[in-house]
1. At a 10 Å Cβ-Cβ cut-off, how would you order Cys106, Cys139, fewest neighbours first?
2. Which of the trypsin sites (Lys or Arg not before Pro) found in the range 187-258 are loop residues per DSSP with 14 or fewer other Cβ atoms within 10 Å of their Cβ?
3. Of the residues Lys70, Lys101, Lys143, which exhibits the maximal mean-square fluctuation in a Gaussian network model of the chain defined by a 10 Å Cα contact cut-off?
4. Let me have the 222 nm mean residue ellipticity of the chain computed from DSSP H runs of 4+ only, each contributing -39500 (n - 2.57), with the sum over all residues rounded to the nearest 500.
5. Quote the charge dipole size of the chain about the Cα centre in Debye, to the nearest 20; the model charges only the Cβ of Lys and Arg (+1) and of Asp and Glu (-1).
6. How would Ser207, Ser136 line up from fewest to most surrounding beta-carbon atoms within 10 angstrom?
7. Please tell me which of these pairs span more than 19 angstrom C-alpha to C-alpha: Lys103/Lys143; Lys117/Lys224; Lys70/Lys103; Lys117/Lys143; Lys117/Lys252?
8. For Asp36, Asp222, which order do you get if you count the other beta carbons within 10 Å of each Cβ and list the fewest first?
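Only the coordinates and a few stated rules stand behind these numbers; no lab work does. Remember, it's a predicted structure, so these values are computed and weren't measured experimentally. Methodologically, a virtual Cβ is constructed for each residue, glycine included, from the backbone with ideal geometry; neighbour enumeration extends over all protein chains shown.
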Amino acid sequence: MRPPKIDRTTPWVGVCLSPILINQFELKDSIVVIVDVLRATTTMCTAFDNGARSMIPVATLEEARDYKAKGFLAAAERDGEQIQGFDFGNSPFSFMNSSIKGKDICISTTNGTHAIKEAVDHGATEILIGSFANLSRLCEYVKQRGRNVVMLCAGWKDRPNLEDTIFAGAMVRSLRPDFHRFEDTALIAETLFRNANRRKRYFIRNSSHFHRLYHKLQIQKDVKYALRPDTHSVLPKLFGDRIYDLDGPYAKGLESDS
Ligand code: 3SL
């Protein structure tokens with residue numbers, strides 16, 4: 001069978017299955033979508049939908065403590081659990097709270113904020129936050145930009161995971177009509193998504209992080225929440241060291257053509 005002819009000058013779509021593979025991708029002139037469905041990127045989308053002004057992602061607890069000491073609200077999670085002394089852990093439900101309205105919130109999580117740092121350090125042109133919660137809005141924006149796209153799956157401690165790969169596949173499926181070049185990693189994710197789509201929870205229940213959250217921490221409702229599509233029409237994007245919702249009131253005047 002003859003392969004279809006592809007115009008090699010058009011933008012491509014790739015999926016980086018773990019932050020450790022980031023060197024394999026050319027991120028200059030690319031949009032990088034950070035994916036940590038369980039739970040960091042879902043939680044960030046929830047915080048913006050509940051009125052947060054900005055989120056300041058930091059990789060280490062020391063940095064988070066510095067922000068807290070300066071009077072910022074701060075969220076910190078390691079291995080699924082909230083770190084003592086912080087205002088929040090990493091559950092989307094703790095951000096459904098009027099106390100976060102108009103606030104700048106520092107956040108440090110096991111994998112999600114690490115992935116953001118990797119994207120910054122590797123020179124990504126634009127960095128967005130992706131989850132099922134903002135899937136449609138995110139894809140709409142990415143299509144309109146017409147740039148190369150890399151979904152950077154946060155995974156678990158540099159190992160690929162099921163849930164982030166399934167989400168990346170959902171994005172690939174949505175981008176398919178508008179893009180013509182897909183890396184094999186995008187095809188892998190799309191194939192997985194096609195298998196999992198209508199029974200995501202059933203599919204994911206064998207994954208390692210599901211076990212961690214479900215059995216060890218008993219936070220089943222976070223998992224259920226994180227798999228629901230389009231609950232928040234927000235578009236979190238990194239500007240300097242802070243994430244703002246590009247559609248929200250606090251992003252006005254920020255350079256959108258970066
Ligand atoms: O790794 C992360 O960034 C977190 O999302 C992990 S957890 O869902 O809070 O356990």
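1. On the way: Cys106 26, Cys139 20.
In increasing order of surrounding Cβ atoms, one gets Cys139, Cys106.
2. Arg205, Lys252
3. Lys70
4. On the way: 9 runs with 83 residues, N = 258.
Taken over the chain, the calculation gives -9000 deg cm²/dmol.
5. Numbers: 36 positive and 31 negative charges, 196 e Å.
Roughly 940 debye, rounded to the nearest 20.
6. Values: Ser207 20, Ser136 12.
With the sparsest Cβ surroundings first, the list reads Ser136, Ser207.
7. Working: Lys103/Lys143 30 Å; Lys117/Lys224 27 Å; Lys70/Lys103 13 Å; Lys117/Lys143 24 Å; Lys117/Lys252 24 Å.
Pairs exceeding the cut-off: Lys103/Lys143; Lys117/Lys224; Lys117/Lys143; Lys117/Lys252.
8. Values: Asp36 33, Asp222 22.
Ordered by Cβ neighbours within 10 Å, fewest first: Asp222, Asp36.
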